Each structure stands twice: as structure tokens, then as C-alpha cells.
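The values are calculated or read from the model by the stated rules, or taken from the named source; none is laboratory data. Because the structure is predicted, anything quoted here is derived from the model rather than measured. Because the Cβ atoms are built from the backbone with ideal geometry, glycine has one as well, and the counts that use them run over all protein chains shown. In case anyone asks, the SASA skips ligands and DNA or RNA and just uses the protein heavy atoms, side chains included. Shrake-Rupley method; radii C 1.70, N 1.55, O 1.52, S 1.80 Å.
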Amino acid sequence: MNNLTEFLRGLAPGALVVAIGPGASGKSTAALTAPVDAVISLDVLRGEIGTGEGDQSVTPAAVEQQNRLLDTFLAAGRRVFLDSTNVERHIRAGLVERARRHQRPIIALRFGTSLDTCRARNRSRPGARQVPDDVLVWQWSLAREATAQVLLEEGFAAVYETSPEAPKENAS
């Protein structure tokens, strides 16, 4: 069992775990083995609504579905892993508010994967799932700005930083 798994197992029931990182940083891979009650993947929702997981034209509808699912799971006290980039501050603010409304702890899972690694992983994805390089660089830059201190100030109860080199936890 790795440190991330141990950390997630120790979370309170009903916690909302928010992955934060650029495309190809490892969020979906982590979600596969996360000891949670539910995983909500924005890519999967896009695939269900549109022509595939990379179909950005259906993102607004996929986000609406994501938020309905979040409300349902949080109201039921289920531990949820949110698998999307969440690199923009206003997106995270909405998630913090949603967790507060349901009186649930919100945890940031920050992916510190290097840009070179994200680019290499992105190139190995099927064409429709590849993120354009300028978008990937933008996501990576925003993710780097979302430091543990920033995330705690935004209202996250704890931040778990993961990278291929050194995972560690920061709590408020």
C-alpha cells in the first residue's frame, strides 16, 4: 500500500477529494485505486454525453452532471474523488462552497508532475484525448501556482502533494 492510499483511507467519511493537476499528470491513474466510495471523472462524463472523453464542446453539460453527482454523493455522506484538472481558482472556490453546503471536509490532492512528464504522457494518449500543448502548459502553470498554502487559504482542510519523487501531506 502506498502513502496516498493510506492517506485516503484515513479521511473522514463524506470527504470530497479534489484532484488538482494538468492533463496527463496522473489524476485518473490515482483515481483507479483510490479507496473512495465514488469517482467522478469529467472526461468520462464528456464521453457519456458527447462523442468521446476529449469532446470539449460538451464540457458545460458534463460539469452540470458532475455537480449533480457531487451533490447526491455528498448529501449521502459518500467519500468522493473528483477527477478533473481543477487548476482554476474559481472552479476550486465553487467546490469548496459545495463541500461547505454539505458540511463535508474538502481535501486537495495536488499533482506535482513535471511538465516534461505530462508532455510525454500526453503524446502517448489517443489523438482525441491529447491536450493541445499550449493548454497543457497553461494548466501546468496554474497548477504550480496552487501551492499547498494557497489551497489551504482557499478553504481546503488538507493538501496532499503527490509527485513521482516525493509525496507528502500538509494539513491546516
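Could you sort the peptides 39-52, 105-118, 2-15 by per-residue average Cβ neighbour count (10 Å cutoff), highest mean leading?
105-118, 39-52, 2-15
Per residue and in cubic angstrom, what volume does the convex hull of the Cα atoms of segment 1-145 have?
Value for segment 1-145: 108 Å³ per residue.
Label points 7 Å out from Cα along the Cβ direction at GLN149 and ASP116: separation in nm?
That separation, rounded to one decimal, is 2.7 nm.
Which listed residue (ALA19, LEU142, ALA158) has the Cα farthest towards the positive end of the charge dipole for the chain, taking +1 on Lys and Arg C-beta and -1 on Asp and Glu C-beta about the Cα centre?
Among ALA19, LEU142, ALA158, the one farthest towards the positive end of the dipole of the chain is ALA158.
Given a 1.4 Å probe and every protein chain left where it sits, what share in percent of the accessible area of segment 45-172 is carbon and sulfur?
49
Working from the alpha-carbon coordinates of segment 26-81, get Rg over Rh, Rh being the Kirkwood radius.
With Rh from the inverse mean 1/r over Cα pairs, Rg/Rh is 1.00.
So, for the chain, what is the accessible surface per residue at a probe of 1.4 Å, expressed in square angstrom?
Heavy-atom SASA per residue in the chain reads 50 Å².
Restricting to DSSP H runs of at least four residues, report the calculated mean residue ellipticity at 222 nm for the chain, -39500 (n - 2.57) per run over all residues, nearest 500 deg cm²/dmol. Each step should come with its number before you reach the end.
On the way: 8 runs with 81 residues, N = 172.
After summing the helix terms and dividing by residue count, I get -14000 deg cm²/dmol.
Looking at the chain only, what percent of DSSP beta bridges run antiparallel? Nearest 5 please.
So the antiparallel bridges amount to about 20 percent of the total.
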